[in-house]
Structure formats: structure tokens, C-alpha cells
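**Student:** Dropping the structure in here first, questions after.
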Amino acid sequence: MSKKSITIIGAGFSGLMTAIHLIVSKRQDIEIVVVSPQECFTKGMAYNTYSKHHLLNVVVGKMSCFPDEPE
């Protein structure tokens, strides 16, 4: 059986969290490639705002990258 390869386009928050969730899922024989035009992985365009007018619409205590680990 050949190794499966998944390519993730974008190394912002969403792209990197997708990669992390694939790694944590403990799937065997999978290669993950993250492609980004930026030199280093960052927050990404959607989360890279510095305006005080952009507010969260979710209580911070309910935000988690892992649903089973809310803390």
C-alpha cells in the first residue's frame, strides 16, 4: 500500500490546525505538505488584523482548537 499525501494550501491558523488535527488523528502512512507563499507560518489573512474594530463574536472561554479539550 502506498503512502497517502495530503497537501494543505496556506500556512495560516486554519491550515496549520488542519495539519495538527491530521497528525493527532494518528493515521499511519500519511505525508502532510503545507504550502505557503510566506517565508514563515503565521496567523493567516483572516486572523491577521490589528484593527480595534474587529471583535470576536465568541466568548474566549468557549474557543479551543480541540473540542475535547476546552481549556
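**Student:** In the stretch 13-71, how many residues are modelled with pLDDT of 70 or more, of a type outside the set (V, I, T) and part of a helix (DSSP H, G or I)?
**Tutor:** Residues that pass the stated criteria total 10.
**Student:** While we're looking at this one, here's another question. Just name the residue that is nearest to E31 (Cα to Cα) out of those in the stretch 1-12 that are open to solvent by 20 Å² or more (accessible area, probe 1.4 Å) and at pLDDT below 85.
**Tutor:** Applying the first criterion (open to solvent by 20 Å² or more (accessible area, probe 1.4 Å)) to the stretch 1-12 yields 1-7, 9-10.
Within this subset, residues satisfying the condition of being at pLDDT below 85 are 1-3.
Details: M1: 14, S2: 11, K3: 7 Å.
Going through the qualifying residues, I end up with K3.
The values are calculated or read from the model by the stated rules, or taken from the named source; none is laboratory data. Here the structure is a predicted model, which means the values were calculated and not measured. What goes into the accessible areas is simple: the full protein's heavy atoms, side chains included, and nothing from ligands, DNA or RNA. Shrake-Rupley method; radii C 1.70, N 1.55, O 1.52, S 1.80 Å.
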